[in-house]
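One structure is given below, encoded as structure tokens.
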Amino acid sequence: MHDIRATLDRLRRPPLMVRAARIGAEHYDRARVLRLLLGVQSPPAPAPALRRLIEIEAGEEQDRKTRAAHYSAARHVTVLIALMGEARSLAEAPAPAPQPNASRIPALRCAT
């Protein structure tokens with residue numbers, strides 16, 4: 001999760017695009033948007049969805065910068081909305097419970 005958060009923190013996009021995505025993120029419909037962007041019937045967990053969305057967004061950003069004829073600002077904003085929504089879902093997800101010590105043997109300590 002740390003690498004996902006670091007990747008998201010490094011994203012720099014035009015302010016108008018970010019503002020539009022923030023407004024859209026308030027009404028984020030996870031099932032509908034992920035079905036549209038990822039082509040899946042049931043949405044994956046937030047972390048795998050974020051990884052895939054980061055890849056898609058990188059492609060959209062490349063198309064924007066190169067002024068590709070097929071580039072769609074609306075689709076790019078939709079991807080940013082999904083990124084924001086999934087990042088929020090990941091941040092709100094409960095932390096996994098610590099794994100119990102199944103062997104009941106105390107942890108080994110290294111003596112140096």
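The values are calculated or read from the model by the stated rules, or taken from the named source; none is laboratory data. Being a predicted model, the structure only gives us computed values, none of them experimental. In this analysis, Cβ positions are derived from the backbone assuming ideal geometry, glycine residues included, and neighbour counts consider all displayed protein chains.
Annotations for the structure displayed:
- Here Ala21 meets the list (1) of a type in the set (Gly, Ala, Ser); (2) in contact with a helix residue (DSSP H, G or I) (Cβ under 6 Å, 6 or more places away or on another chain); (3) without any contact (Cβ under 8 Å) to a residue 60 or more places away in the chain almost entirely, failing just condition (3).
- In the range 64-112, residue modelled with the lowest pLDDT [restricted to those that are surrounded by fewer than 10 Cβ atoms within 10 Å (Cβ to Cβ) and hydroxyl-bearing (Ser, Thr, Tyr)]: Thr112
- Any hit, the range 71-79, residues being within 9 Å of the chain's Cα centre (by Cα), in a helix (DSSP H, G or I) and not hydrophobic (A, V, I, L, M, F, W, C): no
Residue-wise test of (1) touching a residue at least 60 places away in the same chain (Cβ under 8 Å); (2) under 19 Å from Glu92 (Cα atoms).
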| site | (1), (2) |
| --- | --- |
| Thr7 | no, yes |
| Pro14 | no, no |
| Met17 | yes, no |
| Asp29 | no, yes |
| Leu36 | no, no |
| Gln41 | no, no |
| Leu53 | no, yes |
| Glu61 | no, no |
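- Just one residue in the set Ala25, Ala49 is under 16 Å from Thr78 (Cα atoms), touching an Asp or Glu at 6+ places or on another chain (Cβ under 6 Å) and at pLDDT below 95; that residue is Ala49.
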